[in-house]
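What follows is one structure encoded as C-alpha cells, with my remarks underneath.
Every read-out reported here was derived from the displayed coordinates using simple, explicitly stated rules and does not represent laboratory data. Source: prediction; values computed, not measured. As a convention, Cβ positions derive from the backbone with ideal geometry for all residues, glycine included, and neighbour counts pool all protein chains shown.
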Amino acid sequence: MSNIFSAIKISDHVYWVGAIDWTIRDFHGYTTPHGSTYNAYLIMADKITLIDTVKAPFKDEMLARIKSVVDPSQIKYIISNHSEMDHSGSLASVIDIIKPEKVFASSAGVRTLQNMFHDQQGILPVADGETLSLGNMDLTFMETRMIHWPDSMITYLAKDEILFSQDAFGMHFATLERFNDEIPQAALEYEAATYYANIVLPYSPIVLKALDKVKATGWSLKIIAPDHGPVWRKDLGRIIELYSKWASQKPEAKAVIVYATMWHSTEKMAGAIAEALARAGVKVKLFSMNETHRSEVVYEVLNAGALIVGSPTLNNNILPQMADVMTYLKGLKPANLIGAAFGSYGWSGESVRDLEEILGKMKVEIAAPSVSVKHVPDNAVLDKCREMGETIAAALLKKVNGAQ
Ligand code: FEO
C-alpha cells in the first residue's frame, strides 16, 4: 500500500514526523475547535534520534512519516521530553517495534512513564544540563518542571540551533502548513494565547524563571519546535515576548463579566454593569455561560484586570454552568484580578455569597459591594449595578495606570 504520509524537513538534519488530528474537539475540558497536531521530530544524526512520539491512535501515521526518510529500525535513541499521553501514548509500542538502543527522559519522566507503562523498564534518566552525544552532534537537556508537568524538559540541538520545547510555545491547531510564517500571524497569536490560557497559565511564575534560564544558556535559536502546532522559524522573538507578557499577568484596563441566567434578571444586571464599565473607559467582554464554552472565557481573562461574576440561585446553589466555569478558572489561577459578584434569586439567595467565596479562593480582590435582587431588577437595582461598574472601573484604572 502506498504511503500517504511524508516527513517534512525543518532543518539540515531534522524532520517533522508527527501526526495531524483534524477531529479532536476536547482536551480534558479545553475545547479545541481547530483540532491539533502531535509533533515528533527525527534527527538524522550518526545515532538517529526520535524526539517524542504521538498519541496512541496516531502511531502508524508517525511511523509512516518516519519511513518516508529512514527505516524506523535505524532509530537508536528516543527522547521523551514530556510523558503526557498525547506524546507518550504510543511510546511503549514504538519501543517494541523500533527496539532503540536507549530511551531517555528526565528523572521525573522516567518515574511517570513507569507508572504509565508498567512493563516498560530501562528508560534512562538525563540530568538538567546534561549533554548527550549523537556522534556527529549533541543534544542538551534542560528540565522545565511544572511547565506543565513535573517531568517536562526541553532539548536543544546546537548543530541546527533548534529548541525542542515540548508543550511550550505550542497550540492546538491542525494545519498542513508546518511553519509559523505560512499561517496568518493573528491566527497564530490567538491559538497560542488560547493554549497558554487553558494549559500553561497556572505555571506562569515558573515560565518567567524558565525564560530567564534559557536566556542564560546563550543558546542561539533558529527554530523552536513545539509538540503541538506549527514550527517557529521566523520572528522567534515575538512568541518569546508573548510568553513573557502572558506569564507576567500584568492587568490591563479590561473587565470580563461572566454570568448565567434563568429568566434574564441576572442577564439584565450584567448588561448594566457592562455599560457602566465601558462608559468609564474599560474594555468589556461579556459572556453568558448559557451559550459560551469555558475555554473562551479563560482566553479573555488572560489579559484582563477584572473578573465580575453573576448567577441566580438554583436549589440553594449557583447555576451548574457557573460552577463549571468557576471551577475551571480557579484551577487555572489567573492572578492580579479585582472583581465582584451579582445575581438574582427567588427566596433563599445563596448564589452571590457563594460566588464571592469562590472569588476569594481565587485571590480575586473584591473591589465593589455585591448586588443581589429578588426576582426582577427594577431601576434602583440597575442603578446599583451601574455603581458596581463605575466602582470597579475606577479601581481598575487606578491600578493599571498606577502600575505604568
Ligand atoms: Fe501536549 Fe502536556 O501534553
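What the table below lists for this structure:
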read-out: Cα centroid separation - region 205-230 against region 308-384, whole Å; value: 39
read-out: The chain shape via C-alpha gyration tensor axes, a/c threshold 1.5; value: prolate
read-out: Thr31 long-range amide H proximity, modeled H, under 5 Å; value: Ser295
read-out: The chain, relative contact order [Cα under 8 Å, separation at least 6], %; value: 12
read-out: Phi to ³J(HN,Hα) by Karplus 6.51 cos²θ - 1.76 cosθ + 1.60 over region 93-98, Hz, x for Gly, Pro; value: 6, 5, 4, 4, 6, 7
read-out: Within straight-line cross-link reach of Lys59, lysines at Cα separation under 24 Å, skipping those fewer than 8 residues along the same chain; value: Lys9, Lys47, Lys67, Lys76, Lys99, Lys102
read-out: Neighbour-count order for Phe342, Phe104, Phe117, fewest beta carbons within 10 angstrom listed first; value: Phe117, Phe104, Phe342
read-out: Protection proxy ranking of 376-385, 324-333 - average other beta-carbon atoms within 10 Å, highest first; value: 324-333, 376-385
read-out: Gap separating the Cα centres of region 120-154 and region 237-282, nearest whole Å; value: 40
read-out: Per-residue Cβ neighbour rank within 10 angstrom, fewest leading, Ile78, Ile162; value: Ile78, Ile162
read-out: GNM top mover of Trp263, Trp16, Trp246 - the chain, alpha-carbon springs below 10 Å; value: Trp263
read-out: Beta bridge orientation in the chain: antiparallel %, DSSP, nearest 5; value: 40
read-out: Cα gyration tensor shape for region 153-244, rounded if a/c is under 1.5, else prolate or oblate; value: oblate
read-out: Exposure proxy ranking, count of Cβ atoms within 10 Å, fewest first, for Met289, Met146, Met269; value: Met146, Met289, Met269
read-out: Shape category assigned to region 8-247 from the gyration tensor of Cα positions, a/c cut at 1.5; value: rounded
read-out: Rounded Å value of the spacing that divides the Cα centres of region 1-34 and region 39-91; value: 12
read-out: Extension gain, Thr23 back to Ala380 (0.36 nm per residue minus Cα-Cα distance, nm); value: 123.6 nm
